[in-house]
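Every number here is computed from the coordinates shown, using simple stated rules; none is lab data. On a predicted model such as this, the values are computed, not experimentally measured, just so you know. Here the Cβ positions follow ideal geometry from the backbone for every residue, glycine too, while neighbour counts run over all protein chains shown.
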Amino acid sequence: MIHPILDAPSPEKKTESQQPHPQETNISIPKNLTRAPKSTSLKDLLDKEPEVSSQPVSAKPSKLSTPFGPDDLIRCWEAHSETLIDKAHLKNTMIHCTPVLLADFKFEVTVFNPAQQEELISNSIEILKTLRTQLQNDQIQMHIHVDTSNEKKPIYTSTEKFEFLHNLNPLLSKLKDEFDLTID
């Protein structure tokens, strides 16, 4: 039994009450409790053996790689676009930009402007998750390509307007010649 010390006598005098009792001598205080806690070093962490869990480790599910064709991809792409009620811009993008199947379970989607590209990128996790589930293939990857050839050049002058309309309908030059019209 440990008795509390109420008055600390000087170290020179030892009284009978200060002598250790036979029961107290068997108690040993570990050295690490008598000093301040030390910091952890990387070496100590590396030297420790890894803890072994007694619970069985569940096997990771194998990656699915079921082959599919371009028709299957387009069917699942359109089915997912029909489920998008609140995302009209994404739905229209998916309807007008169909995917093209490439090699190694990759497909490419050609969009017409950067806004459509951003819409597909921001929703790519949801799209790929749905496609991977429906097609039973975890290796599907999507690439987005912006078609810059569709970019329109602004028409400012009358000559540019006439050339643009002439490209649409070549008979316009015949009309201009018959009525002797000039371009301002």
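Listed peptides 153-160, 111-118 appear in the order 111-118, 153-160 once ranked by packing, highest mean of other Cβ atoms within 10 Å at the front. The label point for Lys106 and the one for Ser158, both projected 7 Å from the Cα toward the Cβ, are 5.2 nm apart. Computed from point charges on the beta carbon alone (+1 for Lys and Arg, -1 for Asp and Glu), the dipole magnitude for the stretch 70-150 about its Cα centre is near 80 Debye. Taking a ≥ b ≥ c as the square roots of the eigenvalues of the alpha carbon gyration tensor, the stretch 72-147 is oblate, as a/c is not under 1.5 and a/b does not beat b/c.
Extending 7 Å from Cα along the Cβ direction at Asn113 and again at Ile95 yields two label points whose distance is 1.7 nm. Assuming charge only on the beta carbon of Lys and Arg (+1) and of Asp and Glu (-1), the dipole of the stretch 144-184 about its Cα centre is about 120 debye to the nearest 20. Out of all DSSP beta bridges in the stretch 70-150, what portion is antiparallel? Express it as a percent rounded to 5. Of all bridge pairs located within the stretch 70-150, approximately 35 percent are antiparallel. Placing pseudo-labels 7 Å out from each Cα toward the beta carbon at Ser173 and His143 gives an inter-label distance of 4.1 nm. Computed extension gain for Thr83 through Asp184, at 0.36 nm per residue and net of the alpha carbon distance, reaches 31.1 nm.
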